[in-house]
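Asker: To start, I am sharing the structure in question, which I have written as structure tokens.
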Amino acid sequence: MKIIDRYLLQQMAGPFLFGVLAFVMLFVSANILFELMDLINTLGIGLWTAGVLFVLRLPGFMVYTFPLATLVAILISFGRLSGDSELIAMHAGGISFRRLVAPLVGAGIFVSLLTAGLNEYIVPACNHTSENIIRAAAGKSESSRENVFYQDRAGAEVSRLVYAERLDLATGELTRPIITWLEDGRPAMLTVAEKGQWRGSNWDMIDGANYLLQPERQASWEFDRWTTKFTTSPQQIALRSRKPEEMTYRELSGYIKDLLDKDLPVTQLELTLHHKISIPFSCLVFALIAPPLGMRSHRGSSSIGMGIAILIGFGYYVIWNYLAIVAQQGHLSPLWAAWLPNLITGAIGITLILSVKK
């Protein structure tokens, strides 16, 4: 790494940490604290539990702060370099603007990958743990779960996928369960029933049918009551069934595929799936648009840089939210809704970079 690259990255490091801290505080005050106050009032959780939930919720919000912090860092650092005439000195020394942008784009790629890793491995685990704490706190008052999805495993392999419209913990009943039985990772049989009843050691399916899905054994039969080898209790299902925010990209992708096979709506889930990648990579597109905007001669670059970052971030959020609504209405695919804000912002950034004279 050349000296100029190290110098630019060092100039960016401080404002980046400042941006993360500033936006984390903003998100904390606007989201986490209000949520915790509501949980304290409604569920009566203690301060220690609230503190644990606070720590577990932070990674999920930090994913949204890294793109904005990248934008702030480059705007502030380039604004200071421009205000102190260092960019002019670098240009006089034969360093082009595009050469200066290169390490910042590299930093944007690094932060994008870091954010994607955080969003894939840390955030789902933290969300799952926090949801379990909340469910335990609400266990005495909650007796049912809606839209239950559960993966049953035999060793390392998934042996069955279970979906039900409702799980009643008080009666041990599943409403309209759908079970996909797997063999060697492939669907072998599909069970559809009106109700599932827990019998203490296994489940009985009531008023349904079985469908063999293997090419050499295509058949189906109806039943009034069928005793399954599904032995997971209602309490275990309630504990281990997860919301999309608690799933990794692979788990959510498999969940969506299973729902698509059953012709169930998945638009919102697909949006969540694509946002798991598109949001982290907004760090890269912000790294493209920030340098030409920050290249100006002014003092007080921190406040101006923060102001520009907030305006750009607000515009990005408006587009992001509008396209998500359009996708939910069926007028745009979730893939395009998730990635168009990045493509638009990235195209503007590349255009601005190319417009700057060498």
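Asker: Report yes if some residue within segment 210-221 is under 29 Å from the mean Cα position of the chain (by Cα) and at pLDDT below 85; otherwise report no.
Answerer: Here is the first cut: in segment 210-221, the residues under 29 Å from the mean Cα position of the chain (by Cα) are none.
No: segment 210-221 contains no residue that is under 29 Å from the mean Cα position of the chain (by Cα) and at pLDDT below 85.
Asker: With out of contact with any strand residue (DSSP E or B) (no Cβ under 6 Å at 6 or more places or on another chain), touching a residue at least 40 places away in the same chain (Cβ under 8 Å) and not polar (S, T, N, Q) as the only criterion, which of Arg250, Arg160, Arg186, Arg242 stands out? I'd like the intermediate steps shown before the answer.
Answerer: Details: Arg250 fails: touching a residue at least 40 places away in the same chain (Cβ under 8 Å); Arg160 fails: out of contact with any strand residue (DSSP E or B) (no Cβ under 6 Å at 6 or more places or on another chain); Arg186 fails: touching a residue at least 40 places away in the same chain (Cβ under 8 Å).
Exactly one residue qualifies, and that residue is Arg242.
Asker: Additional query: From the list Ala30, Ala69, Ala92, exactly one residue is among the small types (Gly, Ala, Ser) and at pLDDT 85 or above. Which is it? Don't jump to the end; show me each part of the working.
Answerer: Details: Ala30 fails: at pLDDT 85 or above; Ala92 fails: at pLDDT 85 or above.
Step by step, each of Ala30, Ala69, Ala92 is checked, and only Ala69 is among the small types (Gly, Ala, Ser) and at pLDDT 85 or above.
Asker: Taking the criterion of being buried (at least 20 other Cβ atoms within 10 Å of the Cβ) and in contact with a Leu (Cβ under 9 Å, 6 or more places away or on another chain), would at least one residue in segment 88-96 satisfy it? Let's see the steps before the verdict.
Answerer: Our first condition is that a residue be buried (at least 20 other Cβ atoms within 10 Å of the Cβ); within segment 88-96, this holds for none.
No - not one qualifying residue is present in segment 88-96.
Asker: Still on this structure, please answer the following. I'd like to check something: does segment 148-158 contain any residue that is of a type in the set (Asp, Glu) and outside the structural domain of Thr228 (by TED's automatic domain parsing)? Give the derivation first.
Answerer: Quick first cut of segment 148-158, residues of a type in the set (Asp, Glu) only: 152, 157.
When the remaining residues are screened for being outside the structural domain of Thr228 (by TED's automatic domain parsing), the result is none.
No; the residues of segment 148-158 include none that is of a type in the set (Asp, Glu) and outside the structural domain of Thr228 (by TED's automatic domain parsing).
Asker: Checking His128 against (1) at pLDDT below 90; (2) of a type outside the set (A, V, I, L, M, F, W, C); (3) touching a Pro at 6+ places or on another chain (Cβ under 7 Å): exactly one of these is not met. Which one?
Answerer: (3)
Asker: Scan segment 199-210 for residues that are part of a strand (DSSP E or B), farther than 10 Å from Thr228 by Cα and not polar (S, T, N, Q) and report the count.
Answerer: Step one: filter segment 199-210 for residues part of a strand (DSSP E or B), giving 203-210.
After this cut, where a residue has to be farther than 10 Å from Thr228 by Cα as well, the list is 206-210.
Keeping just the survivors that are not polar (S, T, N, Q) gives 206-209.
Final tally of qualifying residues: 4.
Asker: Restrict the check to segment 43-57 and report whether at least one residue is assigned to a helix (DSSP H, G or I), at pLDDT below 80, surrounded by 13 or more Cβ atoms within 10 Å (Cβ to Cβ) and under 26 Å from the mean Cα position of the chain (by Cα). If you could, list the steps in order and put the result at the bottom.
Answerer: Let us first name the residues in segment 43-57 that are assigned to a helix (DSSP H, G or I), namely 43, 47-57.
Still in the running and at pLDDT below 80: 43.
If we keep only those that are surrounded by 13 or more Cβ atoms within 10 Å (Cβ to Cβ) too, we end up with 43.
Now restrict to residues that are under 26 Å from the mean Cα position of the chain (by Cα): none.
The answer is no, given that none of the residues of segment 43-57 is assigned to a helix (DSSP H, G or I), at pLDDT below 80, surrounded by 13 or more Cβ atoms within 10 Å (Cβ to Cβ) and under 26 Å from the mean Cα position of the chain (by Cα).
Asker: Now a separate question. Do we have Phe97 as modelled with pLDDT of 90 or more and over 21 Å from Arg242 (Cβ atoms) here? I'd like the intermediate steps shown before the answer.
Answerer: Working: modelled with pLDDT of 90 or more: no; over 21 Å from Arg242 (Cβ atoms): yes.
Answer is no for this residue.
Asker: For segment 5-28, enumerate the residues that are in contact with a Gly (Cβ under 9 Å, 6 or more places away or on another chain) and surrounded by fewer than 19 Cβ atoms within 10 Å (Cβ to Cβ).
Answerer: Asp5, Leu9
Asker: Can you pull out every residue in segment 278-312 that is at pLDDT below 90, outside any helix (DSSP H, G or I) and under 21 Å from Val105 (Cβ atoms)?
Answerer: Scanning segment 278-312 gives Met295, Arg296.
Asker: Could you count how many residues in segment 92-140 are within 29 Å of Ala50 (Cβ to Cβ) and either in contact (Cβ under 8 Å) with a residue 12 or more places away in the chain or among the hydrophobic types (A, V, I, L, M, F, W, C) (or both)?
Answerer: We begin by selecting, within segment 92-140, every residue within 29 Å of Ala50 (Cβ to Cβ); these are 114-115, 117-140.
Narrowing the set further to residues that are either in contact (Cβ under 8 Å) with a residue 12 or more places away in the chain or among the hydrophobic types (A, V, I, L, M, F, W, C) (or both) leaves 114-115, 118-138.
So the answer is 23.
Asker: Which one of these is of a type in the set (Val, Ile, Thr), within 19 Å of Glu146 (Cβ to Cβ) and at pLDDT 90 or above: Ile206, Ile179, Ile237?
Answerer: Details: Ile206 fails: within 19 Å of Glu146 (Cβ to Cβ); Ile237 fails: at pLDDT 90 or above.
Going through Ile206, Ile179, Ile237 in turn, the sole match is Ile179.
The values are calculated or read from the model by the stated rules, or taken from the named source; none is laboratory data. Source: prediction; values computed, not measured. No Cβ is skipped: glycine too gets one built from the backbone with ideal geometry, and neighbour counts run over all protein chains shown.
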